[in-house]
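Working notes for the structure below.
The values are calculated or read from the model by the stated rules, or taken from the named source; none is laboratory data. For clarity, every value in this text was computed on a predicted model and none was experimentally measured. Counting neighbours? That spans all protein chains shown, and the Cβs are built from the backbone with ideal geometry, glycine included. Heads up: the accessible areas ignore ligands, DNA and RNA and are worked out on the full protein's heavy atoms, side chains in. Shrake-Rupley method; radii C 1.70, N 1.55, O 1.52, S 1.80 Å.
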Protein chains: 2
Amino acid sequence: MPGHIIHGFSKLSRSEKLTWLRDQEKLSEAALAHLNGHLHPDPKLQGIYEEISENNVSNYYLPLGLAPNFLINGILRTVPMVTEESSVIAAASHAAKFWAMHGGFHAEVLGILKNGQIHFTWSGSERELHNAFAMIKEELLQSVESITRRMEERGGGVESLEIRAMGPALAGFYQLFVTFRTAEAMGANFINSVLETMAGKFSSLMKEKGPGGILEIIMSILSNYTPDCRVNCHVEGDTHIFDPLVPTMTGEEFARKFMNAVQVAIHDPYRAVTHNKGIFNGMDAVILATGNDFRAVEACGHAFASRNGTYSSLSNVELSNGQFRFSLETPLAVGTIGGTTTIHPLAGASLEILGHPTAEQLMEVVAATGLASNFSALRSLITTGIQRGHMKMHLGNILRQLKATPVESEMIRSHFRDRTVSYAEASSLLESIRNQNPKQ
Amino acid sequence: MPGHIIHGFSKLSRSEKLTWLRDQEKLSEAALAHLNGHLHPDPKLQGIYEEISENNVSNYYLPLGLAPNFLINGILRTVPMVTEESSVIAAASHAAKFWAMHGGFHAEVLGILKNGQIHFTWSGSERELHNAFAMIKEELLQSVESITRRMEERGGGVESLEIRAMGPALAGFYQLFVTFRTAEAMGANFINSVLETMAGKFSSLMKEKGPGGILEIIMSILSNYTPDCRVNCHVEGDTHIFDPLVPTMTGEEFARKFMNAVQVAIHDPYRAVTHNKGIFNGMDAVILATGNDFRAVEACGHAFASRNGTYSSLSNVELSNGQFRFSLETPLAVGTIGGTTTIHPLAGASLEILGHPTAEQLMEVVAATGLASNFSALRSLITTGIQRGHMKMHLGNILRQLKATPVESEMIRSHFRDRTVSYAEASSLLESIRNQNPKQ
């Protein structure tokens, strides 16, 4: 193979790692300068970032922006959002302000139960397994008390413990299915510690007191699928509130077309994926800003979107007698303490900006931001099209890519004032400007 | 409501936005200092970040680390990864090195077609619609030539154009389904520009030449569901290669238990979500590092995981005659030019570190990183458990949270050298250390 496997890479210092890259011609001077130029000047803060994950060589910047005017259950909040996608924050802000003037977002946490599984195989009969489990269940719960005590003080702990068979597709496979409350934490480390300890005890108790048979623990781990840790959020109003939105449509027409667009997302997976992606544009931006884990939220939400056998929209519209109601229901496991949320200096700032929400309030904020993003995307799609707003936001980036001068940029911006921006058009426009004004 | 809706927020300067927050007591001096302290000192670079998305007040740092030793289709690469989750990069690196010594990752791009949709309602008959479409199809394609010309020069363009009915659930709803090649770009803006232009032409042509009937365009937008833009990646070898991995297991036993764990993820959605989440831990870290859009990749991959009616594992294991084969198949729409990839200084550095891959090679790298993450997670889960490695990586963060001194940290680190770390145990250990050594 070209090149050689490197051993002990993780033990190299940051600059040794980068020197190794340069020696292989995988790092220009300019790129090296960028990596070095993105370190935090305060060594203590830089040290925090270097401990978050491994083999650290720089800090990747993502813009942190603010979406004000989120009225959620009567509380007005400014939502911190981290995203690299242009127009997401602008769109969420527009929707938030519109709905703040019409009653705001109504959010309700429908459950906060998380869960984990101890997967195992058992060579004996299912009936004997159930009997043995009934006998040792209390001991299993006691075995994790040293871990759960602190969580119980905060209102959390193990909620239930049951045994489940995997069914005919996987005969002999079972699981201990454990549900948890994790208070203000997302709880992944807590749940995994409980499960691993309980699995060890389960194995030894079955040997000691079980009916005879071979039990093999496959693995013990939390599930990121948390349909019982779920939030619903909706906005509602008379369709007349949409009258001023679009000059060419009545509010009633807007609402009907909006509902048609959501219906397409409910029935067509190709559209549903993009529709829900737009919801996650908003949700993930808050998840990132608060130091939560967007992979967990994404995996859970999309699996929930497929729960009825066909991948479908997470949001829904009801329209009757001139009343419009737009809602989003999604599972969300988030925390306001623990993990990166506690460690990351800007996650702390984000929680301050949000007004120090509880974990349940944060679920509501995340859902409201997702619903706001969805509302704005649909509003653009069914009226001017997504490109007008999005590409206007993106024009600065295009001008930068084209290396347009300030004068050229102003000419191009003015050309696009009432037109949809496209890279191709911006580029050929720039060319013609330059042909007309050749450099002296 | 408490507080007032703010108007014109986006027009405030950065410092005016923050002053407004402080006036509402939503920003402490310490948090303000953090927001200010994370700006880039070079105003030109800071300007880039401020144009990426809106209402920017700071840069959110995510650690950028390196996973070396990824041998993919015979090319040895170092993979840049951006993640806030501890142990993801270490785990990917371990798996990469192991497989580099056993033939590496074998990846194959199975297709690169992207797609978009023009959704509309039509009041006339389906047959007449089909006839009219056949008549105007060429004109529709011609109408977007000014947009597609540049893309065609790079090997892309519109691949096909067809009409689809939404079926009995949504009678009268149809779509123009358009497939695209987008060369080295992810292509979202290109696709949306083509669709919006074509939709306008479709509407006017149907009025002009159509059979009579009301056509209403609902919306025109790319689909993030790209099952025909897909990559497969696998590793394989004799099970004896696992013999040295775990002292208490033969390679054959390891492979069998590994397969059992994957089987559980195939048949149990609660496990599948977490299993796939682990795959995305690796994939998203590369997506972020290269300036691609992780919401698009997530939505598409998870919908693909549910395509057969039940949410299931994206990876699979085959084991026969002592031969082990572990594979991942997933749709992935990524680009190496355009959007944030071109603008973000560190996305540029990431592509350099990767050796300037094509978009198809980047698909292979992303898939290999996902498979590596999945391999390492399963390896830990079926042997020592996930917590030992993960919590060891996380111990530094815990010690920081507990405000342990260097001497205390060293004592606690030494205690956990051969034990699984838990926050509870670290905390009570620190308490007992402090009780034994009260401050003078």
Enumeration of residues in region A:49-86 that are at the interface with chain B (Cβ under 7 Å from one of its Cβ atoms), closer than 27 Å to residue B:349 by Cα and hydrophobic (A, V, I, L, M, F, W, C):
A:52, A:57, A:62, A:64, A:82
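Would you mention how many residues in region A:126-146 are of a type in the set (Ser, Thr, Tyr) and either in contact with a strand residue (DSSP E or B) (Cβ under 9 Å, 6 or more places away or on another chain) or free of Cβ contacts under 8 Å to residues at least 12 places away in the same chain (or both)? I'd like the intermediate steps shown before the answer.
At the first step, the residues of region A:126-146 found to be of a type in the set (Ser, Thr, Tyr) are A:143, A:146.
Adding the requirement that they be either in contact with a strand residue (DSSP E or B) (Cβ under 9 Å, 6 or more places away or on another chain) or free of Cβ contacts under 8 Å to residues at least 12 places away in the same chain (or both) leaves A:146.
Adding up the residues that qualify gives 1.
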Can you pull out the residues in region B:15-27 that are under 10 Å from residue A:353 (Cβ atoms) and touching a helix residue (DSSP H, G or I) at 6+ places or on another chain (Cβ under 9 Å)?
B:18, B:21, B:26, B:27
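Given the residues A:169, A:199, which is the only one that is assigned to a helix (DSSP H, G or I), loosely packed, with under 15 Cβ neighbours inside 10 Å and either within 14 Å of chain B (Cβ to nearest Cβ) or touching an Asp or Glu at 6+ places or on another chain (Cβ under 8 Å) (or both)? Break it down into steps so the answer makes sense when it comes.
On the way: A:199 fails: loosely packed, with under 15 Cβ neighbours inside 10 Å.
That would be A:169, the only listed residue that is assigned to a helix (DSSP H, G or I), loosely packed, with under 15 Cβ neighbours inside 10 Å and either within 14 Å of chain B (Cβ to nearest Cβ) or touching an Asp or Glu at 6+ places or on another chain (Cβ under 8 Å) (or both).
Would you call residue B:419 assigned to a loop (DSSP other than H, G, I, E, B) and either at the interface with another protein chain (Cβ under 10 Å from one of its Cβ atoms) or under 26 Å from residue A:144 (Cα atoms) (or both)?
Working: assigned to a loop (DSSP other than H, G, I, E, B): yes; either at the interface with another protein chain (Cβ under 10 Å from one of its Cβ atoms) or under 26 Å from residue A:144 (Cα atoms) (or both): yes.
Here the answer is yes, as residue B:419 does meet what is asked.
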Just one of the numbered conditions (1) more than 7 Å from chain B (Cβ to nearest Cβ); (2) basic (Lys, Arg); (3) out of contact with any Lys or Arg (no Cβ under 8 Å at 6 or more places or on another chain) is not true of residue A:114; which one?
(3)
Can you pull out the residues in region A:344-382 that are within 13 Å of chain B (Cβ to nearest Cβ), open to solvent by 20 Å² or more (accessible area, probe 1.4 Å) and either of a type in the set (D, E, K, R) or over 20 Å from residue B:24 (Cβ atoms) (or both)?
A:352, A:377, A:379, A:380
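Among the residues of region A:105-113, are any over 30 Å from residue A:244 (Cα atoms), open to solvent by less than 10 Å² (accessible area, probe 1.4 Å) and not small (Gly, Ala, Ser)? Steps first, please.
If we filter region A:105-113 for residues that are over 30 Å from residue A:244 (Cα atoms), which is where we start, we get A:109-113.
If we keep only those that are open to solvent by less than 10 Å² (accessible area, probe 1.4 Å) as well, we get none.
No, every residue in region A:105-113 fails to be over 30 Å from residue A:244 (Cα atoms), open to solvent by less than 10 Å² (accessible area, probe 1.4 Å) and not small (Gly, Ala, Ser).
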I'm trying to understand the selection: among the residues of region A:47-68, which are open to solvent by 10 Å² or more (accessible area, probe 1.4 Å) and under 25 Å from residue B:18 (Cα atoms)?
A:48
Pick from region A:276-312 the residues that are open to solvent by less than 20 Å² (accessible area, probe 1.4 Å) and among the hydroxyl-bearing types (Ser, Thr, Tyr): which of them is farthest from residue A:238 (Cα to Cα)?
A:290
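Filter region B:404-414 down to residues that are in a helix (DSSP H, G or I) and out of contact with any Leu (no Cβ under 7 Å at 6 or more places or on another chain) and give me whichever is least open to solvent (accessible area, probe 1.4 Å). I'd like the intermediate steps shown before the answer.
In the first step, residues of region B:404-414 are kept if they are in a helix (DSSP H, G or I); the result is B:406-414.
Subsequent filtering for residues that are out of contact with any Leu (no Cβ under 7 Å at 6 or more places or on another chain) retains B:406-407, B:410-411, B:414.
Details: B:406: 114, B:407: 102, B:410: 94, B:411: 91, B:414: 61 Å².
Among residues in region B:404-414 that are in a helix (DSSP H, G or I) and out of contact with any Leu (no Cβ under 7 Å at 6 or more places or on another chain), the one least open to solvent (accessible area, probe 1.4 Å) is B:414.
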Can you name the condition, by its number, that residue B:400 falls short on among (1) outside any loop (DSSP other than H, G, I, E, B); (2) within 30 Å of residue B:261 (Cα to Cα); (3) of a type outside the set (Phe, Trp, Tyr)?
(2)
For region B:20-40, check the following and say yes or no: at least one residue is touching a residue at least 40 places away in the same chain (Cβ under 8 Å), of a type in the set (S, T, N, Q), open to solvent by 10 Å² or more (accessible area, probe 1.4 Å) and not assigned by TED's automatic domain parsing to the domain that holds residue B:344.
no
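Name the residue, out of B:293, B:268, that is within 7 Å of another protein chain (Cβ to nearest Cβ), among the acidic types (Asp, Glu) and within 27 Å of residue B:384 (Cβ to Cβ).
B:268
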Within the set of pairs 6+ apart or on separate chains, which have a first residue in region B:159-179 that is touching a residue at least 60 places away in the same chain (Cβ under 8 Å), a second that is aromatic (Phe, Trp, Tyr), and C-beta atoms under 9 Å apart?
B:177/A:270
For the subset of region B:21-48 comprising residues that are more than 8 Å from every other protein chain (Cβ to nearest Cβ) and charged (D, E, K, R), which member is nearest to residue B:82 (Cα to Cα)?
B:44
Consider residue A:248 carefully, then state whether it is of a type in the set (Val, Ile, Thr), open to solvent by 10 Å² or more (accessible area, probe 1.4 Å) and more than 10 Å from every other protein chain (Cβ to nearest Cβ).
yes
Based on this model, can you work out whether residue B:4 counts as at the interface with chain A (Cβ under 7 Å from one of its Cβ atoms) and more than 27 Å from the chain's Cα centre (by Cα)?
no
Restricting the search to region B:390-403, which residues are open to solvent by 20 Å² or more (accessible area, probe 1.4 Å) and more than 28 Å from the chain's Cα centre (by Cα)?
B:400, B:401, B:402, B:403
Residue A:143 among the polar types (S, T, N, Q), more than 20 Å from residue A:230 (Cβ to Cβ) and more than 12 Å from every other protein chain (Cβ to nearest Cβ):
yes
